[in-house]
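Q: One structure is given below, represented as structure tokens, and several questions about it will come after.
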């Protein structure tokens, strides 16, 4: 993936066979503002860790995926993040981590 200026990305879906490895290039998309990978079974916390390099993220939607607490940790400190739909892997231990996302502190 050679598009570091990419601002929006929607990838995956219910019937895709993407794995964590398919999401490694996310770490090079430093200008990314919106990311969406709904119902993608191969999108896990390991895949979400690559979003940590995307400091300008405003919106992340991984509903229906296996993503959980690690996804929340990967998004800590993202000042522009205003919208977050997490995956089904979020646990009670992950909920307090939401307070590390500036827009959710209020």
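The values are calculated or read from the model by the stated rules, or taken from the named source; none is laboratory data. Computed from a predicted structure; not experimentally measured. When we count neighbours, we look across all protein chains shown, and the Cβ atoms used for this are built from the backbone with ideal geometry, even at glycine.
Q: For region 38-49, what are the residues that are surrounded by fewer than 18 Cβ atoms within 10 Å (Cβ to Cβ) and within 25 Å of residue 79 (Cβ to Cβ)? Write out each step before concluding.
A: Quick first cut of region 38-49, residues surrounded by fewer than 18 Cβ atoms within 10 Å (Cβ to Cβ) only: 38-39, 41.
Across region 38-49, the qualifying residue is only 38.
Q: Let me ask something else. Within the set of pairs 6+ apart or on separate chains, which have a first residue in region 26-37 that is more than 12 Å from residue 10 (Cα to Cα), a second that is not in a loop (DSSP other than H, G, I, E, B), and C-beta atoms under 7 Å apart?
A: Correct list of pairs: 27/50; 27/53; 29/9; 30/53.
Q: Considering only region 88-106, state which residues are at pLDDT below 95, assigned to a loop (DSSP other than H, G, I, E, B) and surrounded by 17 or more Cβ atoms within 10 Å (Cβ to Cβ).
A: 94, 101 - these are the residues of region 88-106 that are at pLDDT below 95, assigned to a loop (DSSP other than H, G, I, E, B) and surrounded by 17 or more Cβ atoms within 10 Å (Cβ to Cβ).
Q: I would also like to ask the following. Report, by residue number, each residue of region 1-13 that is at pLDDT 90 or above and touching a helix residue (DSSP H, G or I) at 6+ places or on another chain (Cβ under 9 Å).
A: Those that are at pLDDT 90 or above and touching a helix residue (DSSP H, G or I) at 6+ places or on another chain (Cβ under 9 Å): 9, 11, 12.
Q: Moving on. Quick one: would you say residue 71 is touching a helix residue (DSSP H, G or I) at 6+ places or on another chain (Cβ under 9 Å), modelled with pLDDT of 95 or more and surrounded by 15 or more Cβ atoms within 10 Å (Cβ to Cβ)?
A: On the way: touching a helix residue (DSSP H, G or I) at 6+ places or on another chain (Cβ under 9 Å): yes; modelled with pLDDT of 95 or more: yes; surrounded by 15 or more Cβ atoms within 10 Å (Cβ to Cβ): yes.
Here the answer is yes, as residue 71 does meet what is asked.
Q: So residue 49 ticks every box in (1) modelled with pLDDT under 95; (2) not in a loop (DSSP other than H, G, I, E, B) but one. Which box is left unticked?
A: (1)
Q: In region 14-29, what residues are touching a helix residue (DSSP H, G or I) at 6+ places or on another chain (Cβ under 6 Å) and either within 16 Å of residue 87 (Cβ to Cβ) or in a loop (DSSP other than H, G, I, E, B) (or both)?
A: 20, 23, 26
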